[in-house]
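Working notes for the structure below.
The values are calculated or read from the model by the stated rules, or taken from the named source; none is laboratory data. Keep in mind the model is a prediction, meaning the values are calculated, not measured. So basically every Cβ, Gly included, is an ideal-geometry build from the backbone, and we count neighbours across all protein chains shown. Surface areas here come from the heavy atoms of the whole protein model, side chains and all, with no ligands, DNA or RNA. Shrake-Rupley method; radii C 1.70, N 1.55, O 1.52, S 1.80 Å.
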Amino acid sequence: MFDLIGHTASINSVAWSPDERFILTASQDGTARIWDASNGVQLKILNVDANYANYAAWNGDGSRIVTAGADGVVRIWDARQGSELTTLIGHEDEALRATWNKAGDQVLSFSLDGTARLWDVETGEERLQLA
């Protein structure tokens, strides 16, 4: 057994990578972190938001991560490099959750602004807004 040491505030979400080799956490410290599931070693830090990260999730093949931040921004990350790939801007309040479609080319997010938004991952364009 081991502890995941690194976050400086409460953890808001946790998820296994699709191959179960990694653990993904999102925290009120504004970061999402990738951990080695075999030994608890912290591998990457994703700076999601100055305030806090509400949620983080892997795509189907584990190559990308989506995060939802208190700033209302949804971000797409390269899971291997830990680099931000796409910024999805449109929510007018906190982004609470985001999820991938099966193909991994679209993300659906929802916010305290009362909307859910469907995004094209490659272009960053909003495809649909539900209110």
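Brief remarks on what is shown
- Scanning the stretch 102-122 for residues that are touching a strand residue (DSSP E or B) at 6+ places or on another chain (Cβ under 8 Å) and either part of a strand (DSSP E or B) or open to solvent by 20 Å² or more (accessible area, probe 1.4 Å) (or both) yields a count of 14.
- Any hit, the stretch 34-44, residues being touching a residue at least 40 places away in the same chain (Cβ under 8 Å), more than 26 Å from Gln129 (Cβ to Cβ) and over 10 Å from the mean Cα position of the chain (by Cα): yes
- Number of positions in the stretch 77-101 that are in a loop (DSSP other than H, G, I, E, B), of a type in the set (S, T, N, Q) and either touching a residue at least 40 places away in the same chain (Cβ under 8 Å) or over 19 Å from Ser17 (Cα atoms) (or both): 0
- Cβ-Cβ under 7 Å pairs, at least 6 apart or on other chains, the stretch 102-131 side closer than 19 Å to Ile65 by Cα and aromatic (Phe, Trp, Tyr), far side open to solvent by 20 Å² or more (accessible area, probe 1.4 Å) and in a strand (DSSP E or B): Phe110/Leu96; Phe110/Arg97; Phe110/Ala116; Trp119/Gln106; Trp119/Glu126; Trp119/Arg127
- Residue, farthest from Leu96 (Cα to Cα), within the stretch 1-28, restricted to residues that are of a type in the set (S, T, N, Q) and not in a loop (DSSP other than H, G, I, E, B): Thr25
- Each residue in the stretch 47-77 was checked for being under 8 Å from the mean Cα position of the chain (by Cα) and basic (Lys, Arg), and 1 of them qualify.
- Among the residues of the stretch 77-100, those identified as open to solvent by less than 60 Å² (accessible area, probe 1.4 Å), out of contact with any Lys or Arg (no Cβ under 9 Å at 6 or more places or on another chain) and over 13 Å from Ser13 (Cβ atoms) are Ser83, Glu94.
- Taken over the stretch 29-76, the criterion of being within 25 Å of Ala103 (Cα to Cα), open to solvent by less than 10 Å² (accessible area, probe 1.4 Å) and in a loop (DSSP other than H, G, I, E, B) is satisfied by Val48, Gly72.
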